1. For segment 221-325, compute the orientation-averaged projected area of the C-alpha convex hull (one quarter of its surface), in nm².
2. Quick one: net charge of Gln241's neighbours, Cβ under 15 Å, K/R +1, D/E -1?
3. So which GluC sites (Glu not before Pro) in segment 133-200 end up in coil per DSSP with only 16 or fewer other C-beta atoms within 10 Å?
4. In a shell of Cβ-Cβ distance under 10 Å around Leu200, excluding Leu200 itself, what net charge do Lys and Arg (+1) and Asp and Glu (-1) give?
5. Enumerate the calculated ³J(HN,Hα) couplings along segment 227-234 in order (Karplus 6.51 cos²θ - 1.76 cosθ + 1.60, θ = phi - 60°), each rounded to whole Hz, writing x wherever the residue is Gly or Pro.
6. Principal axes first, then extents: for the Cα atoms of segment 145-226, list largest minus smallest coordinate on each axis, whole Å, largest first.
7. If contacts are Cα pairs under 8 angstrom and at least 6 residues apart, what is the relative contact order of segment 202-257 in percent?
Amino acid sequence: MTAGTAAGISLANARPNKNPAQKPSSIKVIIDRHFNSKVYTSGSTISGYAIVKTQKDTRFDDFDIIFSGIAATRLDFVQQYPAHSFRPFMKLRMPIGRSALPENNLFVADETYKIPFNFVVPHQLTIGACNHHCSSPAVKDHHLRLPPTVGFWEADDQAPEMAQIEYSIKARAYRKANNVDGAPQKISEGCHIVKVLPSLPEDAPLDITFRDERYTMSKTKTIRKNLFSAKAGKLTVTANQPSAIMLSADGHKAHASVARIGLEFAPTSAETTPPKINSVSGKIISSTFFGAAPTDLLPNMGSRSTYTPNPSLSYTATNTLFNNKSMEKIEWQMRNVSGRRDSGYSSLGVTDEDQSETDCVDDTTKKKSKDCAVRQNAVVEIPITIPMSNKKIFLPTFHSCLISRAYTLHVNLSVGPMNTTMSLAIPLQIGVETIHEPHDGDLPSFESVIAENEQSEANTPRNRHLMQFPELNEHTNNMLPGYDEISRRTIRAF
């Protein structure tokens, strides 16, 4: 779905005004300095007018202008769950003064009324936006962050049509129901969809364990010169989660990151040289998770087959970064690990060999035992840059109640004479830079207050405000003063 379908979420065909462009409305929402591809971020101002012009005299009892956020999902072929789910997570109502509305609550035919509005995209959702049970406070924290727009971009946002997040400005005129208990009747509505890319700072690295099946942080394999030759040794590759790739607030630029991969080679003899890293290939897999009911955990963590009462479907898209990239000369460092037996086991990785094997099995041969104590170590740094184009965009990593997006960096190393493949699956976060747009009447930011205080202290003599122990300065030996000595001292203010 692209921004051209500026009709609103239409997964369930549940909205009475599915496409305002097909049904003429007496209300139009006009946003100041807006254009079709404009992106709003946390702190951005969205201001403009709701313009009302009716063909006949129209009486109303209430008029609302709201800035709303709605998540919607559709689950096909899953009969035990609702086919469609809508979850409003944000609803900001604009206070409208009586002077902005016509007298007697009557829109006169062919008269034009301009009702102003002014919204600021929040940095956080209200606590009531996530009122279901969460497995941990970290999950609740993620659910209270603003999610980005999903499904309303000009480019492919790598999400399925079954998962959408819409932000819009809506202006509505209501008339009270005739009966006391009846809901107000909506007599006219105008809607304008906007794209939101909220600021999402870098999070701490994920705590990956062997239970997190989507990730492989370490791998160990036996290296041979050929299929029938003896073992040359074992090579272990281990990766750390790289720093986040940060998008600009408009989503047009992205800062690069670096994946650092540690190599450790345990040779069978001290004379054996480490294997050559022939080439490296890399790709990014984006995973969109969505469900019919709010999830209580992070869908990218844990086992794929773990039972949960609210399961999430997933949709993946693959983006190749580089293929068969040659590596520059790698500097190996030798170290001696005598007195310690290295089994090659890693709690975060997968080993293709029997971990009960050890490199040193013959205690009768001192030379062999000595040779097994050698380890070769190196670090490979791989620049990571996501492709930016007008055909495909990368949304930031986020986890909301119904919809989540996560990224995995897959790195394949071709190693040794037999081109042994060693594959890693590393979590990669994509965030959004935070910008500050000053608004009239805003409270000063924390950083500006700190800077002002520091400047004030720099221009003010400090000594007359300090509390001192004069006798403490006279204590010249290296021993701590006794209790009696301190009790006789007085505090003197200068």
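Throughout, read-outs are computed from the coordinates displayed, never taken from laboratory work. The structure presented is a predicted model; accordingly, all values stated were derived computationally and were not measured. Please note: Cβ atoms are built from the backbone with ideal geometry, for glycine as well, and neighbour counts cover all protein chains shown.
1. The directionally averaged projection comes out at 11.1 nm².
2. Local charge sum for Gln241: -3.
3. Those satisfying the criteria are Glu154, Glu161.
4. On the way: positive: Arg145; negative: Glu202, Asp203, Glu433.
Spelling it out: positives minus negatives among the neighbours equals -2.
5. 5, 9, 7, 6, 5, 8, x, 10
6. Projected onto its principal axes, the Cα set of segment 145-226 covers 86, 32, 26 Å.
7. Details: 54 pairs, mean separation 14.9, N = 56.
Relative contact order, segment 202-257: 27 percent.
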